[in-house]
Amino acid sequence: MPAPLPAVLLDAEWLEADGLGGFASGTVGGARTRRYHALLLSATTPPTGRVVLVNGLEVWLETAGGTFALSSQRYTPDVVWPDGRARITGFRADPWPQWTFKTEDGVEVSQEAVACHGRSDVILRWRLLSRPGSARLSVRPLLSGRDYHLLHHENPGFNFGAEVTGARVLWRPYPGIPAISAVAADGSYRQEPVWFRNFQYDAERERGLDFVEDLGSPGVFTWTLNGRDATLMLSAGEADPEVDAGCLLDLEARRRKRFSSPLERAADAYVVQRGHGKTIVAGYPWFTDWGRDTFITLRGFMGLPDGLALAEDILLAWAETVSEGMVPNRFPDSGEQPEFNAVDASLWYVVAVHEFLQAARASVRSSTTAALRQAVAKIVAGYRAGTRYRIKMDDDGLLAAGVPGVQLTWMDAKVGDWVVTPRIGKPVEVQALWLNALRIAGAAEPEWRELYRHALASFQLRFWNEARGCLFDVVDVDHEPGRNDPTIRPNQILAVGGLPYQVLIEPYATRVVETVERQLLTPLGLRSLAPSEPGYRPHYGGGVFERDSGYHQGTVWPWLMGPFVEAWLRVRGDGADPKREADSRYLAGLRAYLEVAGLGHICEVADAEPPYRPGGCPFQAWSLGEYLRVRRLLAEPQKIVPAACVA
């Protein structure tokens, strides 16, 4: 019997994105643990309208020594059958998922799964690796045809019928759902409809959600492996049966070679089509594109191949969305009107514009520069005059925001009508962003410079909390002058690092970094609340209420490691030695994480206490974007603005 892979790797998740918002994803061991794990999950209105078409496969190999399963399934109650994961002897995720299986009689087979960029196609390929001879491979697709947030159950409306045209088999499980096309090169198909009932999704059970599903399987594909590969191409819609899967694999391989590292390839997964342009998906498997996440992520992605062209495309598209000084924070999945419920998204946009123009410099077209600066001017002017949700510059030059029942900052958890961390008033990171926006706007328009100096002086005066040696999280809470929130949260780190311009002077900047490191730092990022605070949650988990109410009550956020490392360097200097120390002390945990859980990616959140179990989305754009940004910052000389440069 071959030695199986370690359990920690078998439970890890892999991701293959198609550049349209669709994707394939699953566990290394093969058993699906989420409703979102699927081989063909297509975005019908890129990047939204996602539907699950092919959930998985039953795969088995017949050799001279017997019949051996290569797939794994988990059923209720906690039954694994078959258990093909016991035959997995190797796996690698880069440049796409590839498994090696070895049967008890010594036959070795490889399996690959490749999502084709710009197409709703997934290609599966099997190859005999062992001694000369032959083996018979059988593959049974498991279908649903459902919204990716829902689950599927046995019902008489499911259509098992197959339309066979040469090498292509076409299924139409339900009206209004894309057809499923399967092209089996050098294989045969036999119609053999059957229901598979009671699949169990453990991650959904842990999240307090429905976790049992039924899937329909119309038939079986078979190949003889005797020196030729077995290839199965699955497509959304009526794909052309003449399209050669081998050619698509060659094209995909050449496309991925343009990336110089697995991290660059991982980042490319989040870049997807929206209309005639591009956008950034906030995270897989359940997020689409969000304004705040897009602009934070984009800063790290600008250093990728074609990253500046991507930034120009995205920033110009969002420039057209400015309304009353605000850009949208979310485009709903079902095509409703954009949501403008964020005070910080527009300010992150200003920061991203500034960094793009700085990086691109003379290569930027004058029309692009003019359009982006006009958008920045509209945002700053809109915030000064006042806009939605009582967002308005106050007499002290700082930015007030918030109304009951609306979550406006990145700490945006809401349970029913309950906003868990409302932060109405003048949140600290919003002031850091606002001051950066004023300074950026002031480079082109002198009228903003005096406002910047006034607001900067107010910030120094009003936010320092000497009793705790750090900054207040919110001043003028609930718009009540002089009522301050002393809760120790990570938001204050943005006053020192994470933005183009530091806004907190010394010695206060150093004391903030020390407090954050002592109270909030973990190997995977910053806690969202200090353990000493009331309401601290050491673990992120449970049902919807438990998870959402604890989202910002201690839960660790990896994206905040970028601002922290930059702040740490700003108060210690820009030399090679501090950079090496920062890399070894603060990025080692994230580097190690790339090899577990969401393979090649960084998670959305993690527990606040050891072993810092990952949670939320296993593949999160801004976590990876900030990791890329700070790695680039550490590698390039003289990129850290000295701590004294706040004027």
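The values are calculated or read from the model by the stated rules, or taken from the named source; none is laboratory data. Treat the numbers as computed from the prediction; the structure is a model and nothing was measured. A quick note on method: Cβ atoms are made from the backbone with ideal geometry, for glycine too, and the neighbour counts reach across all protein chains shown. For the accessible areas, the whole protein counts, side chains as well, though only heavy atoms, and no ligand, DNA or RNA atoms are used. Shrake-Rupley method; radii C 1.70, N 1.55, O 1.52, S 1.80 Å.
Quick check on this structure: which one of ALA375, ALA370 is open to solvent by less than 30 Å² (accessible area, probe 1.4 Å), assigned to a helix (DSSP H, G or I) and among the aliphatic types (A, V, I, L, M)?
Criteria check complete, one pass: ALA375.
Given the condition in contact with a Gly (Cβ under 8 Å, 6 or more places away or on another chain), in a loop (DSSP other than H, G, I, E, B) and exposed (fewer than 15 other Cβ atoms within 10 Å of the Cβ), answer yes or no: does some residue in the stretch 545-555 qualify?
Looking for residues that are in contact with a Gly (Cβ under 8 Å, 6 or more places away or on another chain), in a loop (DSSP other than H, G, I, E, B) and exposed (fewer than 15 other Cβ atoms within 10 Å of the Cβ), one finds none in the stretch 545-555, hence no.
Matching residues to (1) basic (Lys, Arg); (2) more than 17 Å from the chain's Cα centre (by Cα); (3) farther than 23 Å from GLU429 by Cβ:
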residue: PHE295; (1), (2), (3): no, no, no
residue: ARG299; (1), (2), (3): yes, no, no
residue: LEU304; (1), (2), (3): no, no, yes
residue: SER346; (1), (2), (3): no, yes, no
residue: ALA352; (1), (2), (3): no, yes, no
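Out of all the residues in the stretch 400-413, which are more than 24 Å from the chain's Cα centre (by Cα), open to solvent by less than 10 Å² (accessible area, probe 1.4 Å) and in contact (Cβ under 8 Å) with a residue 60 or more places away in the chain?
GLY402
Residue by residue, here is whether (1) touching a residue at least 24 places away in the same chain (Cβ under 8 Å); (2) under 27 Å from PHE211 (Cα atoms); (3) of a type outside the set (Phe, Trp, Tyr) holds:
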site: ASN155; (1), (2), (3): no, yes, yes
site: GLY166; (1), (2), (3): yes, no, yes
site: LEU170; (1), (2), (3): yes, no, yes
site: PRO173; (1), (2), (3): yes, yes, yes
site: ILE177; (1), (2), (3): yes, yes, yes
site: VAL183; (1), (2), (3): yes, no, yes
site: TYR189; (1), (2), (3): yes, no, no
site: TRP195; (1), (2), (3): yes, yes, no
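Does the stretch 505-515 contain at least one residue that is in contact (Cβ under 8 Å) with a residue 60 or more places away in the chain, in contact with a Lys or Arg (Cβ under 8 Å, 6 or more places away or on another chain) and acidic (Asp, Glu)?
no
Please tell me if GLY600 is open to solvent by 20 Å² or more (accessible area, probe 1.4 Å), in contact (Cβ under 8 Å) with a residue 12 or more places away in the chain, within 20 Å of LEU304 (Cβ to Cβ) and within 18 Å of the chain's Cα centre (by Cα).
Against the criterion (open to solvent by 20 Å² or more (accessible area, probe 1.4 Å), in contact (Cβ under 8 Å) with a residue 12 or more places away in the chain, within 20 Å of LEU304 (Cβ to Cβ) and within 18 Å of the chain's Cα centre (by Cα)), GLY600 qualifies.
Just to be sure, is ALA592 aliphatic (A, V, I, L, M), open to solvent by 50 Å² or more (accessible area, probe 1.4 Å) and either over 20 Å from GLY300 (Cα atoms) or assigned to a helix (DSSP H, G or I) (or both)?
It is true that ALA592 is aliphatic (A, V, I, L, M), open to solvent by 50 Å² or more (accessible area, probe 1.4 Å) and either over 20 Å from GLY300 (Cα atoms) or assigned to a helix (DSSP H, G or I) (or both).
Taking only the stretch 493-508 into account, find how many residues are over 24 Å from the mean Cα position of the chain (by Cα) and open to solvent by less than 10 Å² (accessible area, probe 1.4 Å).
5
Given the criterion open to solvent by 10 Å² or more (accessible area, probe 1.4 Å), at pLDDT 95 or above and not in a loop (DSSP other than H, G, I, E, B), identify the matching residue among ARG537, ARG511, ARG483.
The conditions single out ARG511.
Looking only at the stretch 177-206, filter to residues that are of a type in the set (Asp, Glu) and open to solvent by 70 Å² or more (accessible area, probe 1.4 Å); which one of those is farthest from GLY227 (Cα to Cα)?
Result: GLU206.
Condition first: of a type in the set (Phe, Trp, Tyr), open to solvent by 10 Å² or more (accessible area, probe 1.4 Å) and not in a strand (DSSP E or B). Now tell me which residues in the stretch 461-476 satisfy that.
PHE472
Considering only the stretch 25-77, state which residues are among the basic types (Lys, Arg) and more than 22 Å from the chain's Cα centre (by Cα).
Residue satisfying the conditions is ARG74 alone.
What residue, among those in the stretch 388-399 that are touching a residue at least 12 places away in the same chain (Cβ under 8 Å), outside any helix (DSSP H, G or I) and over 30 Å from the mean Cα position of the chain (by Cα), is surrounded by the fewest Cβ atoms within 10 Å (Cβ to Cβ)?
Applying the filter and picking the extreme gives ASP394.
Tell me, please, whether a residue that is out of contact with any His (no Cβ under 9 Å at 6 or more places or on another chain), surrounded by fewer than 21 Cβ atoms within 10 Å (Cβ to Cβ) and more than 28 Å from GLN358 (Cβ to Cβ) can be found in the stretch 623-646.
no
Considering only residues that are in a loop (DSSP other than H, G, I, E, B) and at pLDDT below 95, look in the stretch 164-175 and name the one that is least open to solvent (accessible area, probe 1.4 Å).
For the stretch 164-175, the residue satisfying everything is ALA167.
Is the stretch 333-340 home to any residue that is free of Cβ contacts under 8 Å to residues at least 40 places away in the same chain and either crowded, with 23+ Cβ neighbours inside 10 Å or not in a loop (DSSP other than H, G, I, E, B) (or both)?
Scanning the stretch 333-340 turns up at least one residue that is free of Cβ contacts under 8 Å to residues at least 40 places away in the same chain and either crowded, with 23+ Cβ neighbours inside 10 Å or not in a loop (DSSP other than H, G, I, E, B) (or both).
Please determine, by comparing only the residues of the stretch 333-365 that are of a type in the set (S, T, N, Q) and at pLDDT 95 or above, which one is farthest from LEU435 (Cα to Cα).
GLN358
From GLU581, GLU626, which residue is assigned to a helix (DSSP H, G or I) and farther than 28 Å from GLU13 by Cβ?
Step by step, each of GLU581, GLU626 is checked, and only GLU581 is assigned to a helix (DSSP H, G or I) and farther than 28 Å from GLU13 by Cβ.
Report yes if some residue within the stretch 87-101 is without any contact (Cβ under 8 Å) to a residue 12 or more places away in the chain and either open to solvent by 50 Å² or more (accessible area, probe 1.4 Å) or in contact with a helix residue (DSSP H, G or I) (Cβ under 7 Å, 6 or more places away or on another chain) (or both); otherwise report no.
yes
Please enumerate the residues belonging to the stretch 116-147 that are open to solvent by less than 50 Å² (accessible area, probe 1.4 Å) and of a type in the set (A, V, I, L, M, F, W, C).
Across the stretch 116-147, the qualifying residues are CYS116, VAL122, ILE123, LEU124, TRP126, LEU128, ALA135, LEU137, VAL139, LEU142, LEU143.
Which pairs do you get when a residue that is aliphatic (A, V, I, L, M), found in the stretch 483-499, comes within reach of a residue that is surrounded by fewer than 24 Cβ atoms within 10 Å (Cβ to Cβ) and modelled with pLDDT under 95, reach meaning Cβ atoms under 8 angstrom, with the pair 6+ apart or on two chains?
VAL496/ALA643
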